[in-house]
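All remarks here apply to the structure that follows.
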Amino acid sequence: MTYPLARAAGLTAVASLILVLLSTVGLAADLSSTEKLFFSGDYEQCQRLAAEEVGRGIWNERWWLLLVRCQLATGRYDAARETYEQALKRYASNLQLLLLGRDVYLHCNEPQLARRQLDLLLQTARQGAYRYGGPADLVAIGRCFLLLGEDARQVLELFFDRARKLDASSTDSYLATAELALQKHDYQLAAQMADAAAKLDPQQPDIAWLQARAWASSDPDKATQALERALQLNPRHVPSLLLQVDRLIDMEQFERAEQLLTQILEVNLYHPEAWTWHAVIAHLQGKYQAEGLLRQAALCRWKSNPQVDHLIGAKLSRNYRFAEGARYQQRALTLEPGHLAARFQLAQDLLRLGQEDEGWKLADKVFEDDGYNVVAHNLVTLHDRLRQFRTLERDGLILRMDAREADIYGHQALELLAEARTTLTARYDVELELPIVVEIFPEQKDFAIRTFGLPGGAGFLGVCFGTVITANSPASQTASPANWQAVLWHEFCHVVTLQKTKNKMPRWLSEGISVYEERQRDASWGQRLTPSYREMLLSDELTPVSQLSGAFLQPPSPMHLQFAYFQSSLVVEYLIEKHGRDTLQRILVDLGIGMPINESLGRYVGSLEGLDRDFHQFARQRAESLGPGLTWDREDVPQRASLEQWQQWLADHPDNYWGLRGYAAALVQAQRADEAHEVLQRLLQEYPDDASSLELLAQLHRLSGDAAAEREALARRGRLDSDAVAAYRRLMELAAAAEDWQAVATHANQLVAVNPLLLDAQQMRARACEQLGRGAEAVAALEAMVQLQPPDPAGLHFRLATALAALDRRDEARRHVLMALEDAPRFRAAHRLLLELQPPTVMKPAESAKPAAETPVQENQP
């Protein structure tokens, strides 16, 4: 009897267990579908279902975790606290729950209780270390250690890497690693982890958002696609919407940014970052009282949140308002003195404000405390190299550059900066805050690190922060170098306009004025209207003035970026021509007191819509003035054609610029000089500044041996652009052959303005100046040659010593003649020059000498 009853009881227990297991499977499926609601942005439905399950008393912590996350996402912080505290009674040893509890208490303005959750998490993990070796627990422990300020690299290795090895199919460790890498500016690792996570779970918007952040600096198109995918998965995904807001603020698209912020606040009325971006926009619009109120709104649920001030300050610094940005970082550090991101941003702000001693000291300390911070490492390493730079100073101008380059063109650069200061401060009625620091880097990566913190920025020649300029030297440039003098003039114009406006000017106006002032200084500087720009001005590529700053961000191609500079300068030219330079001055004054650009423009030039319309007409007229007798359609233009094919095509398109240019090139190649000359003259009659036609004409004259005509064509070509290296070099050669030393000097100086490190340019410059009797200029060129590894150093030192002696700089001359003799001890001319340079010897009688007895002189005495 007992046995069958026991057996029946056992079967009943088994059946009950099966029912429990089946119900658990069903619940797991429901949980999975409910989590999908969360990831898709249906937070309300997800929250309702999770609350129902929790209300039924279900023993599955994932439902409780999901409910708390829903409540946090929708700003129901008090409800989240109640749910968390109830869950803690059941799952006090759940590490993920304890970690989530920190966020709950922070948003209930309970920072001490928030810290207590981290302590409990570590205490729990230590007491049951054998129980918490799974991937999810390792990630939770690692995140906890990071929040407590432990070494990031050790956390990465001991927790996140181990979790990934234990379960390579779980996305938790990939997400944690990507987030940490982004905090430390390790974008390569962040992209690697985010991409791997996306393969495991392509439906999670958080992963796509991390991909967008990771790829932003290296592959903007890929980043944009990832952000779009995140919002397709969840149109209410707040982190992705905030990332869009961030970009829109950089583009000065404030109205659109505020629309997105409204969407975010509909999800979570108390979201601190949403109110933070509202405060940033208010500041950039000059609404400083509103800025303060919006900052308070950002802190309403967590009053000691240092991230609010850090984010406001970092964004203001991105908009070149470094002084204001630095003050916000100091506020953040008052709330949390150990906030690493705020400390490092403050270090960068101080460096850009020229407060270098304090800035470098703080950067060193951040790197000491946070060895994984890639930007801090880069800056500290660069600081060691900067100590080897030479410093040149003049009346509040401080120029730092490589010692060798300083010997070659340092004084030229200083002279140009002094001229720029005199000219531009008078023109814009500005008294500069001194000193102005200019740093020129021979390696592009060092320029990028000093400027942006990371290698990259290949499209930038120089950057101005207000009182600090960083620039690439000619040594760092590739096959298409830019004129370094034009770059320095451009950047110093930024110094003037940024200081006049207290760094409160839109990017398009700042860049537009600088390019415009380049052209005022030298017609070959700046940018000019070209066939490509003509096409863009007459097409949809023309950006409305109100959106022009956005054209500098993520342009479709390098050509579009350059066109943004050109169009900005054209807007400035339009404002000056139509409304006068005084109007431009008044706009800059308005900006300096914090008035938004659109409001200031409205005061002087009418509505923004009217400005867009009038400028569009101005730009169209300017474009149509280029080659008015030519047609510019590119469609159906042959890419490669024989002479006969060109003739047939031109019979139907006799005025087409592209066809005439292609036909001329084919005629020059075929050495049919008369016909080529006729076509080129036709082109140049309609479009006198066509660089391509002038180059073909010069080539044609060279083939025919007409040096004078070739010089004329190349001279016209050289006046169009300030970096026409090939034209300057050929002009220099032709002028030397004609012994036209004045022309040689002119073209050599043009070449030096592009690249002073070219030995042939300095050789010709020295030779021309010697022939013209310009002793000081000849010495400068010869001194430059000494630094450029000349083939005959002894002869060069002797030549330099001779030039110095002629200027009565005898001590320097003696030094160089001795250097010549060191290389060539039997150099007789050098020996003779050394004797000539010796000071006369004066014989002094010894004090104790007695007069000698007179000795009669013998007639034959030797």
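The values are calculated or read from the model by the stated rules, or taken from the named source; none is laboratory data. As the structure is a prediction and not an experimental result, all values here were calculated from the model. FYI the Cβ positions are ideal-geometry reconstructions off the backbone, even for glycines, and counts take in every protein chain you see. The area values use the complete protein model at the heavy-atom level, side chains included, leaving out ligands, DNA and RNA. Shrake-Rupley method; radii C 1.70, N 1.55, O 1.52, S 1.80 Å.
So if I restrict to the alpha-carbon atoms in the chain, what is the Rg, and what is Dmax, the biggest pairwise distance, in Å?
Rg and Dmax of the chain, Cα atoms, are 36.2, 163 Å.
Tell me the angle of helix 759-772 to the major Cα principal axis of the chain, expressed in degrees between 0 and 90 and rounded to the nearest ten.
For 759-772 against the chain, the angle is about 30 degrees.
Would you work out the charge dipole size for region 139-284 about its Cα centre, treating the Cβ of every Lys and Arg as +1 and the Cβ of every Asp and Glu as -1, and quote it to the nearest 20 debye?
300
Could you work out the per residue convex hull volume over the alpha carbons of region 169-309, in cubic angstrom? Each step should come with its number before you reach the end.
Details: hull volume 16.4 nm³, N = 141.
It comes to 116 Å³ per residue, whole-number rounded.
Not counting ligands, DNA or RNA, and with a 1.4 Å probe, what is Asp206's accessible surface area in Å² rounded to the nearest 10?
Per-residue accessible area (Asp206): approximately 50 Å².
How large a share of the accessible area of region 164-278, in percent, is made up of carbon and sulfur atoms when the probe is 1.4 Å and the other protein chains stay in place?
It is 48 percent, rounded to a whole number.
Taking Lys222 as the anchor, which aspartates and glutamates have their alpha carbon closer than 20 Å to its alpha carbon, excluding any fewer than eight residues away along the same chain?
Cα-Cα hits under 20 Å: Glu179, Asp186, Asp195, Asp201, Asp206, Asp246, Asp250.
Are there any trypsin sites (Lys or Arg not before Pro) in region 374-472 that are in a DSSP loop and have at most 13 other Cβ atoms within 10 Å? List them by number.
Arg387
In 5 Å bins starting at zero, report the fraction of Cα pairs in region 478-524 per bin as a rounded %.
Using 5 Å bins, I get a P(r) of 5, 22, 29, 20, 14, 8, 3, 0 for region 478-524.
Summarise the accessible area of region 43-96 (1.4 Å probe, protein heavy atoms) by the percent that is carbon and sulfur.
Within region 43-96, the accessible surface is 46 percent carbon and sulfur.
Under a point-charge model restricted to the Cβ atoms of Lys and Arg (+1) and Asp and Glu (-1), what is the dipole moment magnitude of region 391-525 relative to its Cα centre, in debye to the nearest 20?
420
Report the trypsin sites (Lys or Arg not before Pro) located in region 292-377 that are in a DSSP loop and have at most 13 other Cβ atoms inside 10 Å of their Cβ, or state none.
Working: sites: Arg295, Arg301, Lys303, Lys315, Arg318, Arg321, Arg327, Arg331, Arg343, Arg352, Lys361, Lys365; in loops: Arg301, Lys303, Arg321.
Of the trypsin sites (Lys or Arg not before Pro), the ones in loops of region 292-377 whose Cβ has at most 13 other Cβ atoms within 10 Å are Lys303.
Order of 545-552, 217-224 by packing, highest average Cβ count within 10 Å first?
Top of the packing list down: 545-552, 217-224.
What fraction of the DSSP beta bridges in the chain is antiparallel, stated in percent and rounded to the nearest 5? It would help to have the intermediate numbers written out before the result.
On the way: 8 of 19 bridges.
For the chain, the DSSP antiparallel bridge percentage is about 40.
Could you work out the relative contact order of region 352-469, using alpha carbon pairs under 8 angstrom and six or more residues apart, expressed as a whole percent?
Dividing the mean separation by the residue count of region 352-469 yields 30 percent.
By per-residue mean of other Cβ atoms within 10 Å, what is the highest-first order of 125-132, 70-77, 747-754?
On the way: 125-132: 12.1, 70-77: 21.4, 747-754: 24.9.
Top to bottom by mean Cβ count within 10 Å: 747-754, 70-77, 125-132.
Quick one: pull the percent of accessible area on region 528-666 belonging to carbon and sulfur, 1.4 Å probe, ligands and nucleic acids left out.
Here it works out to 48 percent.
With both partners inside region 405-539, how many of the DSSP beta bridges are antiparallel, as a percent to the nearest 5?
Taking every DSSP beta bridge with both residues in region 405-539, the antiparallel ones total about 40 percent.
Counting Lys and Arg as +1 and Asp and Glu as -1, what is the net charge of the other residues whose Cβ lies under 12 Å from the Cβ of Leu156?
-1
Can you give me the relative contact order of the chain as a percent, contacts being Cα pairs under 8 Å and 6 or more apart?
On the way: 1149 pairs, mean separation 50.9, N = 862.
Reported relative contact order: 6 percent.
Using Cα-Cα distances under 8 Å and only pairs 6 or more residues apart, what relative contact order does region 654-710 have, in percent?
30
Near Lys502, which lysines are there with a Cα under 23 Å away, not counting those fewer than 8 places off in the same chain?
Within the straight-line cut-off, Lys502 pairs with Lys287, Lys315.
Roughly what angle does helix 725-737 make with the longest principal axis of the chain, taking Cα atoms, 0 to 90 degrees, to the nearest 10?
The angle comes out near 10 degrees.
Per DSSP H run of at least 4 residues, take -39500 (n - 2.57); add these up for the chain, divide by its residues and hand me the 222 nm value, nearest 500 deg cm²/dmol. Intermediate values should be presented prior to the final figure.
Numbers: 43 runs with 580 residues, N = 862.
Helix-only estimate at 222 nm: -21500 deg cm²/dmol.
Helix 238-250 versus the longest principal axis of the chain: what is the Cα-based angle in degrees, 0 to 90, to the nearest 10?
With rounding to tens, the tilt is 20 degrees.
So with the 1.4 Å probe, I'd like the accessible area per residue for the chain, rounded to whole Å².
Solvent-accessible surface per residue comes out at 48 Å².
Work from the charge dipole of the chain (Cβ charges, +1 for Lys and Arg, -1 for Asp and Glu, about the Cα centre) and give the residue of Ser93, Cys46, Ala708 farthest towards its positive end.
It is Ser93.
Whole number please: convex hull volume per residue, Cα atoms of region 255-364, in Å³.
On the way: hull volume 10.1 nm³, N = 110.
Hull volume normalised by residue count: 92 Å³.
Given R₀ = 35 Å, what would the calculated FRET efficiency be for Glu635 paired with Gln681, taking r from the Cβ atoms and rounding to 0.05? If you can, show how the numbers build up before the last one.
Numbers: r = 26 Å, r/R0 = 0.75.
Plugging the Cβ-Cβ distance into 1/(1 + (r/R0)^6) gives 0.85.
Which aspartates and glutamates, if any, have their Cα less than 12 Å from the Cα of Lys445, not counting same-chain residues under 8 positions apart?
Qualifying aspartates and glutamates at Cα under 12 Å: none.
What is the distance, in nm, between label points placed 7 Å from the Cα along the Cα-to-Cβ direction at Gln554 and at Asp201?
If labels sit at Gln554 and Asp201, their model points lie 2.5 nm apart.
With 10 Å bins from zero, work out the P(r) of region 537-645 over every alpha carbon pair and list the percent per bin.
Spelled out bin by bin, region 537-645 gives 12, 36, 30, 13, 6, 3, 0 percent.
Mind checking the dipole of the chain: about its Cα centre, +1 per Lys or Arg Cβ, -1 per Asp or Glu Cβ, Debye to the nearest 20?
2200
Please sort by residue number the GluC sites (Glu not before Pro) in region 334-434 whose DSSP state is loop and whose Cβ has at most 14 other Cβ atoms within 10 Å.
Answer by residue number: Glu431, Glu433.
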